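The values are calculated or read from the model by the stated rules, or taken from the named source; none is laboratory data. These numbers come from a predicted model, not from an experiment. A quick note on method: Cβ atoms are made from the backbone with ideal geometry, for glycine too, and the neighbour counts reach across all protein chains shown.
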Amino acid sequence: DGGITQSPKYLFRKEGQNVTLSCEQNLNHDAMYWYRQDPGQGLRLIYYSQIVNDFQKGDIAEGYSVSREKKESFPLTVTSAQKNPTAFYLCASSLPGLGSGANVLTFGAGSRLTVL
Amino acid sequence: AQSVAQPEDQVNVAEGNPLTVKCTYSVSGNPYLFWYVQYPNRGLQFLLKYITGDNLVKGSYGFEAEFNKSQTSFHLKKPSALVSDSALYFCAVRDLSGTYKYIFGTGTRLKVLA
């Protein structure tokens, strides 16, 4: 079945460490996204990518980095510069266009990062 | 700037009663509007979308939403609530200014009481 796989599901990090969250999709979607979810704040966009080898900052990109070397993969690195990284991270993808499934975001199951 | 507002943090409704979860938006041009549902510690699941056509959109699990251009609203509705509908609901709008960005509301927690 097609979908988005995020790993790990749970991750613990010590202060000062970088961690990388994996996001892989087999939907052949062009666009991919990373969102951060905190209680009461909804989803906030960290980075997004419309095509391979290109990505754009979202609303809260400071302290994060991404790469898009392959269409199916969009890993997110949470760096030590991110001062409050404890959150639930969601990866999503979409297919632009006019088809019936176009423009709908498909989400992974999420990764919960806790800083110790 | 495009934005979405969900004015209620929580909505409580008795099982079997109709439910409404409110959403208003601010966009330039014609909006692409969406509703998603999230169960605890899970990703978001797509419920329905409005892009063009009929103002009343039907989606998954018996949900529907009405696009009202004059009131800039896209409220989610269901004629008869189930306890299993209890979840966090998000309204979203797609930025049509040339990017593929999606802007989400802050979410409304729906609690259906048995």
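Suppose the filter is within 10 Å of chain B (Cβ to nearest Cβ), assigned to a strand (DSSP E or B) and modelled with pLDDT under 95; does A:Gln50 pass it?
Considered against the rule, which asks whether it is within 10 Å of chain B (Cβ to nearest Cβ), assigned to a strand (DSSP E or B) and modelled with pLDDT under 95, A:Gln50 comes out as yes.
Looking at this structure, is A:Cys23 facing chain B (nearest Cβ under 9 Å) and at pLDDT 95 or above?
Criteria not met by A:Cys23.
Which residue, of A:Thr5, A:Thr77, is assigned to a strand (DSSP E or B) and in contact (Cβ under 8 Å) with a residue 60 or more places away in the chain?
Numbers: A:Thr77 fails: in contact (Cβ under 8 Å) with a residue 60 or more places away in the chain.
Residue meeting the stated conditions: A:Thr5.
Quick check on the range A:83-100. Is at least one of its residues more than 11 Å from every other protein chain (Cβ to nearest Cβ), part of a loop (DSSP other than H, G, I, E, B), over 16 Å from B:Tyr100 (Cα atoms) and of a type in the set (S, T, N, Q)?
Within the range A:83-100 (the criterion being more than 11 Å from every other protein chain (Cβ to nearest Cβ), part of a loop (DSSP other than H, G, I, E, B), over 16 Å from B:Tyr100 (Cα atoms) and of a type in the set (S, T, N, Q)), the answer is yes, since at least one residue qualifies.
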